Each structure stands twice: as structure tokens, then as C-alpha cells.
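Chemist: Sharing a structure with you now.
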Amino acid sequence: GLFGRHSMLPRHVQRLGRDWITHWNGSQILTLNSPVSSYMRWAGHFPPWASFPLPTPADFSANWRLPPFFGPWRQFQNNKWHLDNYTQSSCFHLPNPSMKSEGEEPLTKKRRLSGQRGTSAPEETDCSNQKEALCLSVAQNEGKRSSKKGTIKRHWEYFCQQSRTMKISENKESDQSSTESEATFDFTVMSYNILSQNLLEDNSHLYKHCRQRLLFWTYRFPNILQEIKELDADVLCLQEVQEDHYRAEIKSSLESLGYHCEYKMRTGRKPDGCAICFKTSKFSLISSNPVEFFRRDIPLLDRDNVGLVLLLQPRFRCKTSAAVCVANTHLLYNPRRGDIKLTQLAMLLAEIASVAHQKDGSFCPIIICGDFNSVPGSPLYKFIKEGKLNYEGLAIGKVSGQEQFPRGQRILSIPIWPKKLGISQNCVYEIKRQRKEENAGEKLEAAKLDNTQEIVIASEKLSSKLQHHFKLSSVYSHYFPETGIPEVTTCHSRSAVTVDYIFYSAAKDDTAAQSGAEDSFHGGLKLLGRLALVTEKDLWTVNGLPNENNSSDHLPLLAEFRLIER
């Protein structure tokens with residue numbers, strides 16, 4: 001409902017404008033208990049109510065039935081599906097593409113939540129663009145309906161421009177003829193913060209709503225593995241992968257599912273890190289490039305977060321030398337240190353630019369996954385999407401948009417990071433980094449190059465503008481188009497927000513991409529579909545995260561892409 005609460009509001013204010021859900025006739029009917037609205041803006045990025053017409057209670061009295069879950073794409077590939085297995089109208093708007101719980105509302109939910117954030121989608125998000133492009137076809141698979149009580153049902157959303165629905169019912173010969181005109185390669189990518197056991201135990205206050213037995217690693221890992229198995233992505237980008245668990249069971253379990261795994265552990269005392277795993281049947285590894293955001297010689301960079309950048313070669317019968325660059329990161333959490341977050345992001349982007357750079361000067365297609373600890377519409381998010389950010393006068397606590405009333409008041413310095421980092425304001429390396437096996441003579445040469453490096457930065461010193469060279473789109477649109485209610489990717493006792501993303505370099509004809517991505521590189525990626533996200537209210541119907549079936553405090557993000565050859 002739209003008259004809801006914000007998770008930061010005091011408990012007595014949260015009670016205002018509660019929605020009550022009643023089950024009647026097997027359908028969910030939403031009625032409004034009270035038309036009181038808090039008129040709060042969420043995370044400081046929402047426009048006033050004036051820009052979003054308030055619905056009347058009558059709007060909510062329609063039956064509120066949601067599409068059933070039907071499992072991952074690959075299950076369809078394996079069955080010879082025909083068009084009538086899909087919804088007859090292959091293009092339509094989902095009134096509320098969210099999930100429905102089979103179980104009763106738990107006491108926790110009744111106690112601490114019944115409304116939804118009273119918000120409308122911010123103007124700067126992809127909502128309006130996605131609305132046109134979100135000509136979605138939703139596959140319905142009645143047979144695969146989950147019988148488990150209290151499970152969340154997420155469905156696939158397919159985009160109009162892709163010919164998946166047609167191809168499924170075609171035979172192999174016609175399928176080949178269609179690929180002769182344009183070499184294509186389809187693959188799926190998952191981003192998933194699996195919640196390291198160590199961090200769970202260090203932050204137990206976030207999981208007070210959970211039953212104790214659900215929080216043991218011995219309970220959680222089989223669930224996480226099952227989820228990975230069922231969703232069956234070709235590329236996995238995992239965050240919060242604990243090193244001892246990785247060595248003991250995660251790596252071997254994923255290898256037995258056909259993945260090759262690359263891992264980078266954090267550099268400090270926290271024993272978790274990022275992993276990128278890919279199906280060896282779909283890709284081979286060209287290079288693996290870890291990124292450490294800690295720099296002993298730079299006081300600003302005293303945090304131990306890391307990133308990982310892989311260059312992958314698709315395995316498909318084609319003369320092309322196409323490669324795909326996949327990056328994964330988990331940026332610093334601290335909401336007050338936007339200066340560190342932006343610098344970590346710049347370091348990741350510089351590595352991606354170096355890895356994805358092709359001989360002709362262009363970049364190969366890029367996918368960036370991860371937990372960015374920043375919300376949609378925040379300056380950091382906009383920088384990724386728009387390729388530019390003027391940070392003059394910006395308070396470090398406002399960079400990520402995590403706090404409604406930011407505590408970090410200090411203004412970002414110009415430049416944010418010192419010249420000795422060797423990364424320009426365009427987020428590229430200023431000098432080619434010398435290889436580790438260089439000899440002393442080459443080191444001397446590098447020392448000479450340092451002077452030119454300083455000259456380059458001196459001219460930039462007064463500029464408060466950051467830029468990067470990639471045209472990136474987001475797989476998810478962050479708000480449900482019909483209601484403006486936010487999607488959430490993480491939910492625990494303290495908050496429910498989007499902080500996880502899959503960004504990609506869109507091909508010119510990708511209608512799912514947001515505007516601004518049209519002049520992308522030759523070739524590129526077309527978004528074919530995604531596993532729908534959900535609202536905070538949906539998650540509290542299954543007692544939030546982690547719960548009996550979902551064993552992390554984050555949801556997996558999943559997208560299907562088509563690699564378009566130039």
C-alpha cells in the first residue's frame with residue numbers, strides 16, 4: 001500500500017496508515033485502514049506527493065492475485081515448450097510484479113510491519129523508460145508451483161524485443177538460420193550476497209527476528225547451494241564468501257555443478273571476499289584480475305574491501321574473438337564515508353577499463369555485479385549510470401543515500417583521492433602499471449614516468465567532475481511501475497532497501513536499456529529477461545530475511561543476456 005511507514009520512523013508513527021491484508025475467496029484484497037500518510041521522503045530522493053496522484057481506497061479493492069512462480073529459464077529450455085504454454089498475450093504490463101507468500105503472516109510481521117513505504121518512484125530512475133520497454137511476457141508454469149509453505153514466489157520477466165518465446169517452439173533448423181544473419185550467444189548472470197557467517201555473528205542485532213536454528217551455517221549453506229542449483233546461472237558473482245567455507249565446501253560444491261571459480265579475499269581481518277564462478281561449458285577464462293582497495297601508502301584507502309574482474313571467452317561456434325568482461329565487488333558499508341566508496345568504485349572502473357580495452361580502442365561488453373552499499377538515485381548510483389558526477393559541495397554522508405539524515409557532514413575534497421593513486425578523474429590508470437616481474441632498470445623508468453603522471457593530474461586538480469567511459473544500464477528498474485513501491489534486494493531487522501545491482505553495457509537495439517545507452521559500443525548486450533524482485537512487504541510475509549527457505553539477508557539477482565556481435 002502507499003500509506004506506509006519508513007523503516008527509520010519511530011514505532012508509534014509506523015502504526016499510522018497501516019494496510020491490513022485479508023484473505024478472502026483465495027484472493028488477496030488490500031484495503032486501507034486509514035488514509036493517513038507520513039508524507040516522508042525515503043532516503044531523501046523521492047519527489048513530493050504532488051507528482052504522484054494518490055490512489056483512492058477503491059483502487060485497491062480489486063482482487064490482488066499475483067503470477068505464480070515457475071522456476072528458472074533453463075527448465076523451459078529443456079522442455080519443448082510451445083507458445084500456448086506461455087500467457088497468450090506475450091506483451092503486457094504487470095500490475096504488481098511481486099511475490100506472494102503461501103504461509104500465514106508471522107507474528108513478527110504483524111508486530112513490526114504492515115505498511116509499505118509511502119513513496120512514488122523518483123523522476124530520475126528508469127521507471128518511465130522501463131515502463132515502455134517493460135512489455136513483459138511472463139511464463140506461467142502451473143505444474144512447478146511451490147507447495148512449500150511460507151516460500152516467496154519470484155517469476156521471470158521477459159522483454160518484448162527478444163524472440164525467446166518464439167524460439168522455444170521452433171525446431172533446430174529454423175533456429176540455426178536465424179542465427180546465421182547475426183551471431184548471438186545467450187547466457188545468464190547472477191549476483192548474490194550470500195551473507196558470511198562471520199559477519200552474521202558479528203552483527204547478530206540485525207537478525208533478532210530470526211529463529212536461532214535458521215542462522216547456523218550448517219542450515220544455511222544447503223539452502224544457498226540449492227538456490228544456486230535451481231537458478232542455474234552461467235555466471236555467478238558472489239559476495240561475502242567466507243574463505244574457510246570457500247576452501248572447505250563452497251568451491252568444491254560449485255565445481256561439481258560445472259563451475260570454474262575465481263576468488264579474492266578481503267585484505268584485512270574479515271575473512272570473506274568476492275567470487276566469480278562460470279560454467280566451463282559456456283566460457284573459458286582469458287584473465288582473472290583481483291583489485292585491492294586497501295593502500296598502505298594512502299590514508300584515505302584504509303579499508304579492506306576488494307573487487308574481482310574477469311575476462312571471459314564465450315564458447316560458441318563463431319569466428320569472432322568476442323570477450324565479455326565480468327566484474328564483481330562489495331563496496332564499503334559505512335554510510336558516512338562516501339569519499340572512500342567513490343574512490344573504491346573509481347579503482348574498480350579503472351581495472352575494468354584496463355581489462356576490457358580492445359585493440360581498436362573500444363571496450364568489449366561489460367557486466368558489473370555487486371553489493372554497492374548505495375541506494376537507487378544516490379550520487380554514487382547516478383555516477384555509475386550517467387558516467388559523470390560533479391561532486392562539488394557534496395557531503396560525504398550523502399554519496400550513497402543510505403541514511404535519510406546523513407551523519408557524514410564533511411564536504412568531499414577536490415580531488416577526492418591523491419594523485420599518487422595513479423587514477424585520473426576519468427577513472428582510468430594514468431600510467432601503464434609495471435608488471436610484478438620487472439627488473440630494476442624498468443623500475444627506474446617507472447620513476448621517471450611519475451613526473452608526467454603528476455603533470456597530468458595537476459591540470460585536473462581544480463576539477464570536481466568525475467567521469468567514466470562506459471555506457472551502463474541497470475537490469476532492474478528499482479520501483480514497480482504501476483505503484484512506485486520500491487523493490488528491495490536486502491532485508492533484515494534494521495532496513496529493507498536495494499543495494500545490489502547488475503549493470504551492463506547495452507547494445508544499440510536493447511529496448512530494455514534506459515535512455516542514454518543508445519550510443520553504446522559496437523556489439524554489446526541485450527537484456528532478455530530477469531528474475532523479478534519483490535517489495536519489503538512481500539518479504540515480511542515470510543518473516544524477512546534470512547528465513548526458512550532464503551538463507552541470506554540478500555536476494556539473488558538474475559538476468560539473461562544476449563551477446564550481440566558487431
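The values are calculated or read from the model by the stated rules, or taken from the named source; none is laboratory data. It should be emphasised that the depicted structure is a prediction, and the values quoted were computed from it without experimental measurement. Here the Cβ positions follow ideal geometry from the backbone for every residue, glycine too, while neighbour counts run over all protein chains shown. Calculation scope for accessible area: heavy atoms of the full protein, side chains included, ligands and nucleic acids excluded. Shrake-Rupley method; radii C 1.70, N 1.55, O 1.52, S 1.80 Å.
Chemist: Could you check, for the stretch 272-280, whether at least one of its residues is farther than 14 Å from LEU195 by Cβ and out of contact with any strand residue (DSSP E or B) (no Cβ under 8 Å at 6 or more places or on another chain)?
Modeler: no
Chemist: Additional query: Of the residues ARG303, ARG296, only one is out of contact with any helix residue (DSSP H, G or I) (no Cβ under 9 Å at 6 or more places or on another chain) and at pLDDT 95 or above; which?
Modeler: Working: ARG303 fails: out of contact with any helix residue (DSSP H, G or I) (no Cβ under 9 Å at 6 or more places or on another chain).
Answer to the selection: ARG296.
Chemist: If you take the residues of the stretch 257-282 that are open to solvent by 60 Å² or more (accessible area, probe 1.4 Å) and assigned to a strand (DSSP E or B), which of them is farthest from LEU331 (Cα to Cα)? First the steps, then the outcome.
Modeler: Taking the stretch 257-282 and keeping what is open to solvent by 60 Å² or more (accessible area, probe 1.4 Å), we get 260, 265, 269-270, 280-281.
Of the ones still in play, those that are also assigned to a strand (DSSP E or B) are 260, 265.
Values: HIS260: 24, MET265: 13 Å.
Selected residue: HIS260.
Chemist: In the list PRO335, PRO299, which residue meets the criterion of being within 24 Å of ILE416 (Cβ to Cβ), outside any helix (DSSP H, G or I) and in contact (Cβ under 8 Å) with a residue 24 or more places away in the chain?
Modeler: Values: PRO299 fails: in contact (Cβ under 8 Å) with a residue 24 or more places away in the chain.
None of the others qualify; the one that does is PRO335.
Chemist: So, of the residues in the stretch 544-566 that are part of a loop (DSSP other than H, G, I, E, B) and more than 23 Å from LEU214 (Cβ to Cβ), which turns out to be least open to solvent (accessible area, probe 1.4 Å)? Walk me through how you get there before you give the answer.
Modeler: Here is the first cut: in the stretch 544-566, the ones part of a loop (DSSP other than H, G, I, E, B) are 544-553, 555-556, 565-566.
Narrowing the set further to residues that are more than 23 Å from LEU214 (Cβ to Cβ) leaves 565-566.
Numbers: GLU565: 36, ARG566: 147 Å².
Among them, the one singled out is GLU565.
Chemist: So which of LEU285, LEU254 ends up being assigned to a helix (DSSP H, G or I), under 22 Å from PHE187 (Cα atoms) and open to solvent by less than 70 Å² (accessible area, probe 1.4 Å)? Step through it out loud before you land on a result.
Modeler: On the way: LEU285 fails: assigned to a helix (DSSP H, G or I).
None of the others qualify; the one that does is LEU254.
Chemist: Something else: Select from the stretch 155-206 the residues that are over 29 Å from ILE368 (Cα atoms) and at pLDDT 95 or above and write down the one among them that is surrounded by the fewest Cβ atoms within 10 Å (Cβ to Cβ).
Modeler: The selected residue is HIS205.
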